[in-house]
1. Return, for the Cα atoms of segment 142-209, the radius of gyration and Dmax in Å, separated by a comma.
2. What does the convex hull of the Cα atoms of segment 8-53 come to per residue, in Å³, rounded to a whole number?
3. Over what distance in Å are the Cα centres of segment 244-298 and segment 188-205 separated?
4. What translational diffusion coefficient, to the nearest whole µm²/s, does segment 183-340 have by Stokes-Einstein, given a Kirkwood radius computed over alpha-carbon pairs, a temperature of 37 °C and 0.692 mPa s viscosity?
5. Compute the projected area of the convex hull of the Cα atoms of the chain, averaged over all viewing directions, and report it in nm² to one decimal place.
6. Taking the 0 to 90 degree range and rounding to the nearest ten, how far is the long axis of helix 95-108 tilted relative to the main principal axis of the chain, both from C-alpha atoms?
7. Scale the Cα Rg of segment 180-227 by the rule-of-thumb value 2.2 N^0.38 Å and send over the ratio, two decimals.
8. Please compute, for the alpha-carbon atoms of segment 75-123, the extent along each of the three principal axes and give them in descending order in Å.
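Readers should treat all values here as calculations from the given coordinates under stated rules, not as data from a laboratory. None of these values were measured; they are calculated from a predicted model. No Cβ is skipped: glycine too gets one built from the backbone with ideal geometry, and neighbour counts run over all protein chains shown.
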């Protein structure tokens, strides 16, 4: 369906309310949304094993954190129709907050706008209105324990962060919808303390997508950021440590005069604006940062190979992370697989590479245009969490140098 038709048919998106309850050992959170005139959704989040922590907290003090988590769920449902108005009934926002959220949606949904050919720069494209009567205050009491909460999905970056933090103090894994593949990596970490969250998308949204309503990329790391703050408060972790690299600051291409960045929610720009917003409107004494911000991709791969115990279990491929997909370590056909392979190739022997990837990805002829896009020979850098064009050029150059020493140059490297 065309965005113009949908915006006219569905003029308003409403964040109606949030609610939460204790169910057994878990905290269940619900968000109710409506796209006028007739589309309704209910989003659900479960934070497991929460009851042991509740005696320390008056549940009413997390209202503002839950409300904000609902705000961060909006893009996932709003994108179906791109309604020109978003009304917030669930809580109150001031002018500064409204501007912050409008900026987040425009910047965080850039890839979605580009791939759906949406003119997000047209006048009155998006307006957020606050209709909430209750002014929800930030938590007056925050975490007190100086320990580390690490968002973890089983990739090389979060593994490097985790292994370094183990030496510094008590560490817990923050896991959202962990599949069987991630659980295998978690077992190797040896970390017993795990905060597990189940996030469920309303099936009605998936049904609309099948009917042709708009779909695409959302800033998932921003969702994780708000969710991690709530969990840090509930479980008493003062430090939230992400694993976002320096390369996340480079965009993919320009669209309508603006840089579109697949990794915007992992960028230093988002990190700075989130830290400021968190301190002012959520909870004051949370230390939110990225451990790998100053490092490049090749540096991270060199750090990772110090931990060979992960070689047979870790994965950075996103093919198995999609809704309904079967867990898979490496598809061998995507830009992420090719890029990560290129960052390891200069430092590992054939035996270790096969143990990790199961094949020589440089022999996949279908990946030639992907390689060209990675190193800047194409128009668009792949919409994946990959390094900068400069980093990719250096990685493939080192790979070719290494291959020449072995006497056998694989297909892709011969095309450099």
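1. Values for segment 142-209 (Cα only, Rg and Dmax): 14.7, 48 Å.
2. Details: hull volume 2.8 nm³, N = 46.
Hull volume normalised by residue count: 62 Å³.
3. 23 Å
4. Working: Rh = 18.3 Å.
So the translational diffusion coefficient is about 179 µm²/s.
5. Values: hull surface 79.8 nm².
If you wrap the Cα atoms of the chain in a convex hull and average its projections, you get 20.0 nm².
6. With rounding to tens, the tilt is 30 degrees.
7. Details: Rg = 15.6 Å, N = 48, 2.2 N^0.38 = 9.6 Å.
Working it through for segment 180-227, the quotient is 1.63.
8. Largest to smallest, the principal-axis extents are 33, 19, 19 Å.
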